[in-house]
Amino acid sequence: MMRSTLFWLSKRRSIFNFVRSNPLAKKFASRFVAGEAIETGVAAALETRAKGITASLDLLGESVHQPKEAEAARDAYIAILQAMGKAGLEANASLKPTALGLDIDEALCERNIRTILEGARASGAFVRLDMEGSAYTQRTLDFFTKRVFPDFGKHTGVVIQAMMRRSSDDIDMLIRIGASVRLCKGAYLEPAGVAFPDKKDVDASYVRLMERLLTDGKYPAIATHDEAIIAHAKAFVTEKGIARDRFEFQMLFGVRRDLQEALVKEGYRLRVYIPFGTQWYPYLMRRLAERPANIVFILGNIMKEVTRKS
């Protein structure tokens, strides 16, 4: 019931318009979304850099239905990388293939992403392809391994979700070709036959895949806010003698800022994933709808942060 309600709310244009003009709603959203313009995203990245944290910017928006929308997203990503470079930031962005036209025409999507990556290669930037729901897993990996990675290797990477039952084989394949992997737990609500339904099984899968990446992966990104898993990672790299410059932790903008700062103080590399754009309201609602437990997760982590500061 909650899930369907959240999805319904995410599609109501009248509610979207009201929320975008509501100061309280915008204040809440500003904790997790860095405004609506490239300038606000870059400003947030500059603030994180002042704390010793790098950033990856993500222009909000998923599947588009018109070529002009995909081309607009392409141009926006080119502008994002250029703006980060001009600001003296490490230029790093995350994009969803469906926002660049994957659902319209794969050739169109390839042209758009290759244009972005050609700019990234020329400037030394990095662009990661995000992973969406299970319907896109194989398509995204095929697109990445066949159309993107061969020509843009060190300037691009992909995401793998630990909740997916297939991820062990996918990790092995990506390690074999030398691709950079961002490992996350996964936020989409998937069938039990496709993904592990229980948290303990997702956590166990994450730890197995994380250890594999830390041992043999190419600069993996360990994306989690789970303190137990982070502690395990720290103990594992110490035991195995894995240098801290061979991987990085990643977290979401606005989530567990206390833990982010603690990791940096301990000498670990940390990157924050910073979403921005006009689609922040649908983004937040869809993320909550995909897994309503995220509401408890977000509120719980805010309380943890507040409690530790008091």
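At-a-glance table
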{"read-out": "All positions within the range 41-92 that are free of Cβ contacts under 8 Å to residues at least 12 places away in the same chain and buried (at least 19 other Cβ atoms within 10 Å of the Cβ)", "value": "none"}
{"read-out": "Residue in the range 157-165 that is out of contact with any helix residue (DSSP H, G or I) (no Cβ under 6 Å at 6 or more places or on another chain), over 30 Å from residue 88 (Cα atoms) and surrounded by fewer than 16 Cβ atoms within 10 Å (Cβ to Cβ) present", "value": "yes"}
{"read-out": "Every pair of residues 6+ apart whose Cβ atoms lie under 6 Å, when the first sits in the range 238-263 and is surrounded by fewer than 20 Cβ atoms within 10 Å (Cβ to Cβ) while the second is modelled with pLDDT of 95 or more and basic (Lys, Arg)", "value": "248/269; 248/271"}
{"read-out": "Test: residue in the range 197-208 that is buried (at least 18 other Cβ atoms within 10 Å of the Cβ), more than 22 Å from residue 52 (Cα to Cα) and touching a Ser or Thr at 6+ places or on another chain (Cβ under 8 Å)", "value": "yes"}
{"read-out": "Positions within the range 45-83 being modelled with pLDDT under 95 and more than 17 Å from the chain's Cα centre (by Cα), in sequence order", "value": "64, 65"}
{"read-out": "The listed residue being buried (at least 20 other Cβ atoms within 10 Å of the Cβ) and either touching a residue at least 40 places away in the same chain (Cβ under 8 Å) or more than 30 Å from residue 146 (Cβ to Cβ) (or both), out of 179, 231, 221", "value": "221"}
{"read-out": "Elements of type helices (runs of 4 or more DSSP H) contained in the range 93-165, each with 3 or more residues being at pLDDT 95 or above and closer than 23 Å to residue 248 by Cβ", "value": "106-123"}
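The values are calculated or read from the model by the stated rules, or taken from the named source; none is laboratory data. Values in this document were obtained by computation on a predicted structure and should not be read as measured data. Reconstructed Cβ throughout: ideal geometry from the backbone, glycine too, with neighbour counts over all protein chains shown.
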